[in-house]
1. Being assigned to a helix (DSSP H, G or I), among the aliphatic types (A, V, I, L, M) and farther than 24 Å from ILE71 by Cα narrows it down to one residue among VAL200, VAL107, VAL128, VAL196; which is it?
2. Regarding ILE143, is this residue assigned to a loop (DSSP other than H, G, I, E, B), open to solvent by less than 30 Å² (accessible area, probe 1.4 Å), closer than 21 Å to TRP14 by Cβ and not small (Gly, Ala, Ser)?
3. Is it true that some residue in segment 70-90 is open to solvent by 30 Å² or more (accessible area, probe 1.4 Å), in contact (Cβ under 8 Å) with a residue 40 or more places away in the chain, not small (Gly, Ala, Ser) and not in a loop (DSSP other than H, G, I, E, B)?
4. Output the qualifying pairs, or none if there are none: Cβ atoms under 6 angstrom, residues six or more apart or on different chains, first residue in segment 97-116 and in contact (Cβ under 8 Å) with a residue 24 or more places away in the chain and acidic (Asp, Glu), second residue part of a helix (DSSP H, G or I) and open to solvent by less than 60 Å² (accessible area, probe 1.4 Å).
5. Taking ALA22, is it at pLDDT below 95, buried (at least 16 other Cβ atoms within 10 Å of the Cβ) and of a type in the set (A, V, I, L, M, F, W, C)?
6. Residues of segment 146-176 being open to solvent by less than 30 Å² (accessible area, probe 1.4 Å) and in a loop (DSSP other than H, G, I, E, B), which ones?
7. On the basis of being touching an Asp or Glu at 6+ places or on another chain (Cβ under 9 Å) and at pLDDT below 95, does HIS39 make the cut?
8. Just need a number here: residues in segment 78-107 that are under 15 Å from the mean Cα position of the chain (by Cα) and more than 26 Å from ARG63 (Cβ to Cβ).
Amino acid sequence: MLALYGHPFSSYTWKALIALYANGTPFTFHSLDAENPEHEAAYARVQQASPMGKFPLLVDGQREVFEATSIIEYLALHHPGPAPLMPVEADDAIRTRMIDRVFDNYVMNAMQDSIDDAIRHGAVSAEVQARVEQRVTRAYRWIDAWLAGYAMPATISLIECAAAPSLFYADWVVRIPDDCARLRTWRAHLLALPPVARCVEDARRFRHYFPLGAPDRD
């Protein structure tokens, strides 16, 4: 059986979990939180698996796969299900990977600067927050325009796996503006998908860990 190592509040752990839940793939989840009595052994496994010891980590027999996007591509290839996750046609797959990087690099990583500043200094400086808001809002507007031509799949793909956690947390840091109506609607749609909703609920008890203070909303 597959094993996934990660934390229920981690956006990149969500990304892999959404893919697993979408296909009903059997797996064991090793949670890296203090509530799990085996969390120290699980954490040690993750530390040894990749250069920076980051999660999520997927273990399939003797194979270890790290980085959430790589995990999803591995699942699509070796553990397929009703949600194909990746397009079969090569050009479509390239476009899917490109949009996946938009969410990781231009939404999630951009808003992470505010979180890192809060962790280091106890609060976010006005300079950092202004920079984050400029970068994330620019990404929001690009995605909102892209959504005008996006044919949403009947099942979950790599794009949904990347978008749901990115938009969930980014909207806590920089609210999606009113003039990005497509994006606001899509975020609500993503959070209502059963695999995503399951991640939201499973992570709810960890919200007090959010460095900026979690808002009283999803």
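1. On the way: VAL200 fails: farther than 24 Å from ILE71 by Cα; VAL107 fails: farther than 24 Å from ILE71 by Cα; VAL196 fails: farther than 24 Å from ILE71 by Cα.
Just a single option satisfies the conditions, and that option is VAL128.
2. Values: assigned to a loop (DSSP other than H, G, I, E, B): no; open to solvent by less than 30 Å² (accessible area, probe 1.4 Å): yes; closer than 21 Å to TRP14 by Cβ: yes; not small (Gly, Ala, Ser): yes.
No; evaluated as a whole, the condition is false for this residue.
3. Checked against the condition, which is being open to solvent by 30 Å² or more (accessible area, probe 1.4 Å), in contact (Cβ under 8 Å) with a residue 40 or more places away in the chain, not small (Gly, Ala, Ser) and not in a loop (DSSP other than H, G, I, E, B), segment 70-90 yields at least one hit.
4. Short answer, once both residue conditions are applied: ASP100/THR69; ASP100/LEU158; ASP100/ALA162.
5. Details: at pLDDT below 95: no; buried (at least 16 other Cβ atoms within 10 Å of the Cβ): yes; of a type in the set (A, V, I, L, M, F, W, C): yes.
For ALA22, the condition - at pLDDT below 95, buried (at least 16 other Cβ atoms within 10 Å of the Cβ) and of a type in the set (A, V, I, L, M, F, W, C) - is not met.
6. Within segment 146-176, the first condition is being open to solvent by less than 30 Å² (accessible area, probe 1.4 Å), and the residues that meet it are 147, 156-174, 176.
Scanning segment 146-176 gives ILE156, VAL174, ILE176.
7. Details: touching an Asp or Glu at 6+ places or on another chain (Cβ under 9 Å): yes; at pLDDT below 95: yes.
Yes: the conditions hold for HIS39.
8. Of the residues in segment 78-107, 5 are under 15 Å from the mean Cα position of the chain (by Cα) and more than 26 Å from ARG63 (Cβ to Cβ).
The values are calculated or read from the model by the stated rules, or taken from the named source; none is laboratory data. In this text, all values refer to a predicted model and were calculated from it rather than measured experimentally. Heads up, the Cβs are rebuilt from the backbone with ideal geometry, glycines too, and the neighbour counts pull from every protein chain shown. Side chains included, ligands, DNA and RNA excluded: accessible areas come from the protein's heavy atoms. Shrake-Rupley method; radii C 1.70, N 1.55, O 1.52, S 1.80 Å.
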